[in-house]
Amino acid sequence: MNDDEETILYFLSACLIVAYIMTSSFVRADNEIFIDQSGNNFAVGVEQIGANNNATLNADGTNQQLLIVQYNDTTVDNDVTVNTTGNNNGIKLCQGCAFDYPESYTNHDYWYDNWEGGGHSIDVTVTGDSNGISAQQTNQGSTTGHSYDLNITGDNNEVTTIQQHDGGKTIDLTIYNDENDVYIRQKGSGATHTATIELDGTYGTDLTLKQFNSTATYSLTQNCVTVGGCSVSVTQQ
């Protein structure tokens, strides 16, 4: 992101804090929230703590800062659905939780680990250019694991995804655009890690995939006509 975008994000951080406090109080009542927003320079922070957490956010505009944090006080599921249309958006989603700071868009440091066992599910659809999308799913103990479905249409996107600790882990990523920078890490014990990735852009696609488990599989479909090729790094251990 350029200097102008950074200036906007610093300005939005104050708005984010206010929205974070207000929505946090509301969510704790029943652990279900729906937000529909249209307009530019929008920032919201949502915190859900308890059981059966469910958040749905639909946002249309540019320079959006969207933060959703979920963690349990019992062994139940967390669900997040995000649909955005617009450019220069920063989206951060945390279930379980962790962050600090993967890989910013922008900061919102967080940490929590009281050993929850609930399953985590995220479904994100992004349409637009120059977006940053960061998602992290963390849990321990008896669990149904993590699942993440991400679809992006646009150019110059940065994607960071971390799934860690116990249980199965799946990610389905589809990007229809150019100039992507994608980082995915799956780490932990107890079940299979699976990544299904389709990169349909033609220029400058960089992908780093790390899977740390004795049972890990991935499927990659990529269209690349860059003269020097597109960078792909896969580590399985």
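Each value in this text was obtained by applying a stated rule to the coordinates, not by laboratory testing. Computed from a predicted model, the values in this text were never measured in an experiment. Reconstructed Cβ throughout: ideal geometry from the backbone, glycine too, with neighbour counts over all protein chains shown.
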| query | In terms of modelled amide H atoms, which long-range or inter-chain residues lie less than 5 Å from the amide H of V234? | reply | L209
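What is the sum of charges around S189, taking Lys and Arg as +1, Asp and Glu as -1, for the other residues whose C-beta is under 14 Å from the C-beta of S189? Mind dumping the intermediate values first?
Details: positive: K169, K187; negative: D166.
Neighbour charge sum, excluding S189 itself: +1.
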